[in-house]
Amino acid sequence: MTDLPLTMLLAGVVAGAAPIVLAALGETLSEKAGLINLSLDGTILLAAMTAFVAALASGSVAAGFLAGGLVGTAVALVVGLFAIAWRQSQVAVGFVLTLMTRDLAYFVGNPYSNQPGPSAPPLPLPWLSELPGLGPVLFRHSAPVYLSLALIPLLWFALFHTRWGLRLRAVGENPAAAFARGFYPSRVQLVCLALGGLMVGLAGAAFSLAAKPGWGRPQGCEGTGWIALALVIFGGWHPVRAAAGAYLFAFLQVIGIHLQQWLPAVPSQVFQVAPFPLMIFTLLLVNLLQRKRAGGMSDSPLRRALRLLTGDPPAALGRPLQRDG
Amino acid sequence: MPQALPGGRLAQGLLIAAAVGCFTILVLLAAGAPPLAALGHIALGALGSWSKFSHVLKAWIPLVLCACGLLFTFRVNLWNIGVEGQVLAGAICASAVLRSETAAAAPPLAIALALAAAAGGGAMWAAIAGMLRTRGGGNEIFAGLGMNFVAQGGVLWLIFGPWRRPGVASMSGTEPFATVLWLPQIAGLRVSPVGLALALLAVASTIVLLQRTRLGLRLRAVGGNPQAALLFGLRTEPWMMTAMGFSGGYAGLAGGLQAADVYHRLIPSISSNYGYMALLVVMLSAYRAVPVPAVALFFAALAMGSIQLPMVLQIDSSLSGVIQGAMVLAVLAAGAWRARLKAPGRGGGDD
């Protein structure tokens, strides 16, 4: 390859981050409407397994993505059943589901472990991929990567510049007022949860059919669901910031692989695990510094910059609905 | 407060068992495995012989310890997902003591010191997550997860770095501790009386502390209604930290026993996911201490019984996790159903 290492590095980040972006965007959508879907980590794994098996059986990558998306939606609907219809703790249900779907994925997917299977082919976009610099970084990927890139502005626009987005944010902030205004919070929440689950399911498929092709125990995507959840919360419930965090995380992972070559004395397992705590603590630190500012101290440029990175949660996030139809 | 689950009703229990059984059979059929044979093998694997039952008891000890600790954090409405990392921190601290050159000189003292260090290490690990929550305004779930990742990274680093086996470092863990430092075991049962005694002590102390002391009352007040507690002069922060300390201490002790008694060394999967499993145990126990030993025994039997499934039926041992999860979901559903019956038209739990 004649590409500069930097271009290759960035292209690797864009491709590696795609599933995390999809998952973080899906979770942003349901949390904006006030519902936490804590089952992300297990759901991604179950969707990854289903997508791989479906693609293997049918020979069609598209069928795999469809199956993954359906699994994500189905798990989200289970969360909805317990949290919305039965008013159970969202955290409790989500946590149980995250463990259960993970074990279900390992159990059902066991016979398909370590088999060669199909993966999403690269689809260089006709004219854009020839752009100097930008082309190789952004436009020589497979379909799920383009989907992740397109969904970032799309979700931002839908959330902040459409009536639909206004309505779901109203439900997330004040369900009682939204109810008084004439729409049913539970229905809005259920739709957002299902759509968000669909994206999470696609994220799983994007792992097993593109970013880390194949199925096994471990698959390699374990833990990223928790990262996606943290990105949503510490990204201030904003799709663009959550996506930015996903790229930072993918960058840490790619850098880890390179550092491994330069520092052979450090065990490779450390590099595989390191991005996870590093990411979570970066997010906690940003959050912490931003909190300090609220104490009324002087505004330094650093803190003003940090304020751009964080935001407040939807006011009714995680609370069960009191009443509606 | 977490909602109470329906208790004592035989019909309801049978219904839940039937629902979970049907679901399990469906999952087994989907995986192409013979359902009855699979369930039979789990039962045999757990209770088939004294030696098999001793493995169940070995898993029961850390499960009970972690679950007891989690009862404290649930009292103040905290989700201590960091329990997994607290187990690891305890295992690291115990290993550090038992690996020291002087440890073999006075084994009983070294073991006592190792277990104390384990409890202290777990409590400290929990305190960091607690500080991130109370001082940093972070969410305790993510602070805990971050600490889990750090602990896991720390264990791997130690095993592949400073504590690696002479020659080749591997996933099989560090060099075993000197045999004089292994805990004595009950003849024929291969379980340490120390571990069993500590687990029973944990249950007793948890019941007494939470139900018979001011500490328990205060934790309940802080968890139930922080605003009201504040008006009564109870500051929430110290009590949250206290609960985290207890939780981490018990979890750390579990990790210390895993290293000192079960594996006699530090291995990457030293926690065996018992921390996460203990969260399910507590949920299934309706967040109460009394049912914890029985529920933990059942979960331990499921987990240990399914270990031989890959060998006899070529199916994955994660089946036990699926059954455990299904049980908790079924019980949650039953709780919701009961709440609905109680308050027709209005629905149940408020927060």
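A short reminder: the numbers here are calculations on the coordinates, not readings from a lab. Since the structure is predicted, the reported quantities are computational estimates derived from the model, not experimental observations. Heads up, the Cβs are rebuilt from the backbone with ideal geometry, glycines too, and the neighbour counts pull from every protein chain shown.
Please average, across the residues of B:326-333, the number of beta carbons from any other chain that are within 10 Å of each residue's own beta carbon, and give a whole number.
That works out to 4 on average.
So if I take the centroid of the Cα atoms in the range B:20-69 and the same for the range A:201-240, what is the distance between those two points in Å?
30
If all Cα-Cα distances of the range A:206-264 are sorted into 10 Å bins from 0 onward, what percent lands in each bin, rounded to whole numbers?
Going from the shortest bin to the longest, the percentages are 20, 40, 34, 6.
Find the relative contact order for the range A:5-309 and round it to a whole percent, using C-alpha pairs within less than 8 Å whose residues are 6+ positions apart.
Here the relative contact order equals 32 percent.
Express the relative contact order of the range B:192-249 as a whole percentage, based on alpha carbon pairs under 8 Å and six or more residues apart in sequence.
Answer for the range B:192-249 is 20 percent.
Place a +1 charge on the Cβ of each Lys and Arg in chain B and a -1 charge on the Cβ of each Asp and Glu, then give the dipole magnitude about the Cα centre in debye, rounded to the nearest 20.
It works out to roughly 740 debye.
Would you work out the charge dipole size for chain A about its Cα centre, treating the Cβ of every Lys and Arg as +1 and the Cβ of every Asp and Glu as -1, and quote it to the nearest 20 debye?
Around 900 debye, computed over chain A.
Test of understanding: express the Cα radius of gyration of the range B:173-300 as a ratio to 2.2 N^0.38 Å, with N the residue count.
The value comes to 1.27.
Rounded, prolate or oblate: which one fits the range A:1-95, using the alpha carbon gyration tensor with axes a ≥ b ≥ c (rounded when a/c is under 1.5, else prolate when a/b beats b/c, else oblate)?
In terms of gyration-tensor shape, oblate.
Charges on Cβ only, +1 for Lys and Arg, -1 for Asp and Glu, centred on the Cα centroid of the range A:1-137; of A:Val53, A:Phe95, A:Val137, which one is farthest towards the dipole's positive end?
The residue sitting most towards the positive pole is A:Phe95.
Before anything else, pin down the relative contact order of chain B: Cα pairs under 8 Å, at least 6 apart, normalised by residue count, whole percent.
34
Could you work out the mean count of beta carbons from other protein chains within 10 Å of each residue's beta carbon in B:126-134?
1
Using 0.36 nm per residue, how much length does the chain from B:Ala11 to B:Trp337 gain when fully extended, once their Cα-Cα distance is taken away?
Full-extension gain reported as 116.0 nm.
Using Cβ contacts closer than 10 Å as the measure, can you line up A:His258, A:His161, B:His264, A:His141 from fewest to most?
If I rank by nearby Cβ atoms, fewest first, I get A:His161, A:His258, B:His264, A:His141.
If you take the alpha carbon radius of gyration of chain A and divide it by 2.2 N^0.38 Å, what ratio comes out, to two decimals?
The value comes to 1.01.
From the square roots a ≥ b ≥ c of the eigenvalues of the alpha-carbon gyration tensor of the range B:56-108, which class results: rounded (a/c under 1.5), prolate (a/b over b/c), or oblate?
Prolate, because a/c is 1.5 or more and a/b exceeds b/c.
Give me Rg/Rg_expected for chain B, where Rg uses Cα atoms only and Rg_expected = 2.2 N^0.38 Å with N residues.
The value comes to 1.03.
Would you pull out the residues with amide H under 5 Å of A:Ser142's amide H, same chain only if 5 or more places away, H placed 1.01 Å from N?
Distant-sequence amide H within range of A:Ser142: A:Leu123.
In whole angstrom, how long is each semi-axis of the equivalent ellipsoid of the protein assembly as shown, when you take the square root of 5 times every eigenvalue of its Cα gyration tensor and sort them from largest down?
37, 31, 27
Using the C-alpha gyration tensor of the range B:1-90, what are the square roots of 5 times its eigenvalues, in whole angstrom, with the largest one first?
29, 22, 14
When the helix-only estimate is applied to the protein assembly as shown (DSSP H runs of n ≥ 4, each -39,500 (n - 2.57), divided by the residue count), what is the mean residue ellipticity at 222 nm, nearest 500 deg cm²/dmol?
-22500 deg cm²/dmol
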